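Worksheet for the structure shown next.
All of the numbers you see were taken from the coordinates with simple rules; none came from a lab. All values reported here derive from a predicted model rather than from experimental measurement. Positions of Cβ are generated from backbone atoms using ideal geometry, with glycine treated the same way; all protein chains shown enter the neighbour counts.
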Amino acid sequence: MCGTYEEAVKYILDIPRFTKKNDLVHTKRFLKYLGNPQEDLKILHVAGTNGKGSVCFYLDAMLRSEGKRTGLFTSPHLERMNERIVINGEQIGDREFEMVFQETLEAVKKMQDEGMPHPTFFEFLFGMAVLAFKKAGAEYAVLETGLGGRLDATNAAEHPLAAVITSIGMDHMEYLGDTLEKIAGEKAGIIKPGVPVFYAQTCEESDRVIRQTAEKLHCFCKKIGKDAYEILGIRDKHIAFSCANAYYGNTTWKLNNIGVYQPGNAMLAMEVMRFLFGDAGHPQLWRAALAAVTWAGRMEEILPDIYVDGAHNISAVEAFAESVPESGKGNVILFSAVRDKKYPEMIACLCRNVQADLYVVTQIGDRRAAKAEALGKLFEEYTDRPVVVKESVKDALRYVMENRKGRTVCCLGSLYLTGEIKGLIREVKQDAEL
């Protein structure tokens, strides 16, 4: 047994070394060994390529504004594993994490004694999350899929209140397919017979797949299109928008973020809330809740005029390019990526659509990292601006800080990069306080 929080985290991190992806039958058996904690939760299941984490956070905040006790399961984490399991707006504490880990591990040992494989890293954490939610007395659970939807461990939750699908883009194609239709089909795999479906308008190819899946399974289905809201402007690090539907009143809504894609994410979450609560809902409370949400790693300003964004596929980079602050000071881009992403297309998009005076590329500390030198050569193909290669994130960040000359800094390309930069900044702040 693992007796401390640190030992529990180490055990979970080591899981990929001795197991492989299991099917949903296995995950359902795993949940049964845990006592089927998911059956006591009102589940909102969220899938999609981009925006699903933001939608999850928005749903969680609005549910809590209605006085509901919530559980929130998202991935990946940026700095600490606790980020994945949030109970009533607070990350699970180390002691609670360790206790739920021990109970989950006991169930896994019983499974293995009966000849069943060990759950994967993600499956194990999903089991821990729903068990933690039940033990904490959560009423609602917002679950973000890890990869795809149809085969994702979270899809073992058989009776959600709603299936929510965010924008669809080209990502994880080695697993999900090489067309938008195929990828949408995997995301639409979370749709259950008779369960209401809410989805963000993306393009006709993917929209059609979601719509037809919902029709086949006799589900209420609502598309949240671009005409559901209007962006009013960006000011003081906030984006303001209005809603087309009278249900939300004639008022301005604000988000604590400058991403132009965020009002669409918020609107998708709001429409789910409208379905759940109808005339008993309190949109004025939702408005305050949404304005207070901060979502780490999504156009997050970690220091004045220094932003980190988790954009790690072409559609996310396109959305990022639309959201770069127009400060008039000039821009510096700090970039890194993992090998299994289409980073040449991401780099080409950045160089075409973002006016930058300097590009700094680096290599994240992960076995899947793309080589910094290779990234640098690609940037040099697409821009005549200076390109600087630094082998470590620490050296890259130091170089940027010393050479930014008052310009806005945007760091993107990988959530791993975001996590490393946030960790480095936190260390600097702690050292300054000592």
- So which of Val25, Val55 is touching a helix residue (DSSP H, G or I) at 6+ places or on another chain (Cβ under 8 Å), aliphatic (A, V, I, L, M) and in a helix (DSSP H, G or I)? Val55
- Query: When you scan the range 170-193, how many residues do you find that are in a loop (DSSP other than H, G, I, E, B), charged (D, E, K, R) and over 18 Å from Phe220 (Cα atoms)?
  - Reply: 2
- Query: Residues in the range 138-169 that are of a type in the set (A, V, I, L, M, F, W, C) and part of a helix (DSSP H, G or I): how many?
  - Reply: 2
- Message: Which residue is surrounded by the fewest Cβ atoms within 10 Å (Cβ to Cβ), if the candidates are limited to the range 44-79 and must be closer than 23 Å to Ala184 by Cβ and touching a Cys at 6+ places or on another chain (Cβ under 7 Å)?
- Response: Thr74
- Matching residues in the range 107-137 - criterion: being in a helix (DSSP H, G or I), surrounded by fewer than 16 Cβ atoms within 10 Å (Cβ to Cβ) and in contact with a helix residue (DSSP H, G or I) (Cβ under 9 Å, 6 or more places away or on another chain): Lys110, Lys135
- Specify the residue that is nearest to Glu300 (Cα to Cα); the eligible residues are those in the range 389-398 that are in contact (Cβ under 8 Å) with a residue 24 or more places away in the chain and surrounded by fewer than 18 Cβ atoms within 10 Å (Cβ to Cβ). Lys394
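Let's see how each residue does on (1) closer than 23 Å to Tyr58 by Cα; (2) surrounded by fewer than 14 Cβ atoms within 10 Å (Cβ to Cβ); (3) hydroxyl-bearing (Ser, Thr, Tyr):
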| position | (1), (2), (3) |
| --- | --- |
| Glu186 | no, no, no |
| Ile191 | yes, no, no |
| Pro196 | yes, no, no |
| Thr202 | yes, no, yes |
| Thr213 | no, no, yes |
| Lys226 | yes, yes, no |
| Arg235 | yes, yes, no |
| Asn256 | yes, no, no |
| Pro263 | yes, no, no |
- Here the qualifying pairs (Cβ atoms under 8 Å; residues six or more apart or on different chains; first in the range 91-111 and among the polar types (S, T, N, Q); second surrounded by 21 or more Cβ atoms within 10 Å (Cβ to Cβ) and in a helix (DSSP H, G or I)) come out as Gln102/Ala8; Thr104/Phe124; Thr104/Gly127; Thr104/Met128; Thr104/Leu131
